[in-house]
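Some notes on the structure that comes next.
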Amino acid sequence: MTVSVLLADDQDMVRSSMRIMIDVEPDLKVVGEAADGEAAIDMAARLCPDVVVMDIRMPRMDGVAATRSIRSASSPPAVLALTTFDLNEYLFGTLRAGAAGFVLKQDSAATLLEGIRAVARGEGFVSPGPTRRLIERVSVPEDTPYELPAEVTRRERDVLALLGRALSNTQIAHRLHIEESTVKYHVQNLLTKLDARTRVQAALIASRAGMVPDSSDDA
């Protein structure tokens with residue numbers, strides 16, 4: 001199946017460059033372009049894309065508000081945030097609003113394409129470099145540690161801990177010696193039980209719950 005993509009960025013050159021990179025891929029197709037958040041909301045409703053690549057800083061309405069509105073629909077597209085800076089409050093707000101992940105404007109074309117495909121599959125994606133810093137930084141303002149709901153099972157806790165380390169379904173399956181389809185089942189259950197809309201939000205909850213080890217443990 002072809003993944004339909006809506007591009008939302010206030011810079012014509014950026015949208016043009018992304019369109020060229022995306023449209024040469026046989027499984028991806030750009031179906032629309034928006035120059036601000038309000039236009040992105042309108043086009044997302046009319047075109048029903050699978051993925052919206054959302055610039056965070058735009059005129060009229062920024063990417064945070066636009067993402068929140070788009071994700072509030074009954075069957076919303078996945079949102080992949082796009083930013084020049086890897087760590088800022090706009091980015092955190094976009095992820096909390098329901099974006100499935102983010103890429104940096106300075107990332108390679110391969111990273112952008114990988115991000116689009118990942119969020120289209122429902123897996124989420126975070127630009128490789130700042131993944132751990134993102135999870136740690138977003139969790140800082142929380143004064144009270146998060147307590148997981150009692151209905152979260154021991155196996156779901158194992159999966160959640162690995163989500164907090166930004167591992168993919170394939171990597172989690174390998175670590176836990178289970179099938180990838182089983183991982184997907186546990187992730188979906190976790191999102192429901194944690195009232196989280198994306199894997200990134202679940203990863204942040206894992207950090208708040210003290211389930212993410214120090215970076216040195218990943219070696």
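So Q11 fits all but one of (1) surrounded by fewer than 18 Cβ atoms within 10 Å (Cβ to Cβ); (2) at pLDDT 95 or above; what number is the exception? With respect to (1) surrounded by fewer than 18 Cβ atoms within 10 Å (Cβ to Cβ); (2) at pLDDT 95 or above, Q11 is out only on (2). All conditions but one from (1) surrounded by fewer than 22 Cβ atoms within 10 Å (Cβ to Cβ); (2) in contact with a Pro (Cβ under 9 Å, 6 or more places away or on another chain); (3) more than 30 Å from R208 (Cβ to Cβ) apply to R71; the one that does not is (3). With respect to (1) open to solvent by 60 Å² or more (accessible area, probe 1.4 Å); (2) in a strand (DSSP E or B); (3) closer than 17 Å to K105 by Cβ; (4) not polar (S, T, N, Q), the lone exception for R19 is condition (2). Give me the pairs, please: first residue somewhere in region 110-126 and acidic (D, E), second residue anywhere and not in a helix (DSSP H, G or I), beta-carbon distance under 9 Å, and either six or more positions apart or on two chains. The qualifying pairs are E114/V103; E114/F125; E123/A100; E123/G101; E123/S168.
For region 90-124, residues that are open to solvent by 10 Å² or more (accessible area, probe 1.4 Å), farther than 24 Å from A173 by Cα, in a loop (DSSP other than H, G, I, E, B) and of a type in the set (G, A, S) total 1. All conditions but one from (1) over 18 Å from G124 (Cβ atoms); (2) in contact (Cβ under 8 Å) with a residue 12 or more places away in the chain; (3) of a type in the set (V, I, T) apply to I70; the one that does not is (1).
The values are calculated or read from the model by the stated rules, or taken from the named source; none is laboratory data. This is a predicted model, so every value here is computed, not measured. Don't worry about glycine lacking a Cβ; one is built from the backbone with ideal geometry, like all the others, and counts go over all protein chains shown. When the accessible area is computed, the model is the full protein with side chains, heavy atoms only, and any ligands, DNA or RNA have been set aside. Shrake-Rupley method; radii C 1.70, N 1.55, O 1.52, S 1.80 Å.
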